[in-house]
Amino acid sequence: MSSPTLATTPSIVKLSPEALDPHSDLTKAEEDEMRRKSFPHPTHPYLFGLMTFCSMAELGLTAFLISAGNEHHSWSTVRYHALLILFCFDAVWTMIFSTAYLLWYIDGSVHVLASIASSVIWLAITSIVWGTASGVMHSTRGGTECVETPNLPRCRQNLTVEALGWTEFSLCVVALLATLFWIRASRRRFVSDSRRAV
């Protein structure tokens, strides 16, 4: 590695660009490889993409049901109305953060919120919120099939809200487990690499 060159003038000392950038001796491919290794498993973009699209579908359906219920004042219970608002909030929460994590992953930016620890915390909180909302929706709905209900389309819409909630919950749990396994494998690899170096 060459030493940084100094260009001196009578009163000013200028450093060359190589001296200012500590990673200047890395090639573009090496920088990309280093950035790729700093993020979780390569399946994460797909999981966060699925979470984003699923939350968009949930947001559209719950927004429609809330709007239709407000327009016709056709709420079966106050609890059901509040539950739809919770699902709508969960969908917005998941859509914003999963899109942000997806973009941070693709961009490769190193940001405090794009860290592995923050994604583990976010995935844990989101799993709890989706699991709770879906479980409450299941008990509120009665957990029955829509075969013998008088209002078949509304029952199917409610069943779809619940199904999308359970899907989001499952995606969050899978992403959380994949991240935790990746962390464990990375620690093992780091320990074995450091033992070889000694």
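The values are calculated or read from the model by the stated rules, or taken from the named source; none is laboratory data. The model shown is predicted, which means the values in this text are computed figures rather than measured ones. Quick reminder, even Gly has a Cβ in these numbers, built from the backbone with ideal geometry, and neighbours come from all protein chains shown. We work out accessible area using only protein heavy atoms, side chains counted, and drop any ligands, DNA or RNA first. Shrake-Rupley method; radii C 1.70, N 1.55, O 1.52, S 1.80 Å.
Filter segment 76-95 down to the residues that are of a type outside the set (S, T, Y), touching a residue at least 24 places away in the same chain (Cβ under 8 Å) and farther than 14 Å from W130 by Cβ, then identify the one that is surrounded by the most Cβ atoms within 10 Å (Cβ to Cβ).
Going through segment 76-95, the residues of a type outside the set (S, T, Y) turn out to be 78-79, 81-93, 95.
Next cut, touching a residue at least 24 places away in the same chain (Cβ under 8 Å) only: 79, 83-84, 86-88, 90-93, 95.
From what is left, the residues that are farther than 14 Å from W130 by Cβ are 79, 84.
Details: R79: 11, L84: 22.
Looking at the filtered set, the residue picked out is L84.
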(Q) Which condition from (1) modelled with pLDDT under 90; (2) in a helix (DSSP H, G or I) is the one that T167 breaks? (A) (1)
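Take segment 50-75 and flag every residue that is open to solvent by less than 30 Å² (accessible area, probe 1.4 Å), modelled with pLDDT of 90 or more and either outside any helix (DSSP H, G or I) or small (G, A, S) (or both). Steps first, answer last, please.
Of all residues in segment 50-75, those open to solvent by less than 30 Å² (accessible area, probe 1.4 Å) come to 51-52, 54-55, 58, 62, 65-66, 68-69.
Among the residues that remain, those that are also modelled with pLDDT of 90 or more are: 51-52, 54-55, 58, 62, 65-66.
Of everything in segment 50-75, just one residue is open to solvent by less than 30 Å² (accessible area, probe 1.4 Å), modelled with pLDDT of 90 or more and either outside any helix (DSSP H, G or I) or small (G, A, S) (or both), namely S55.
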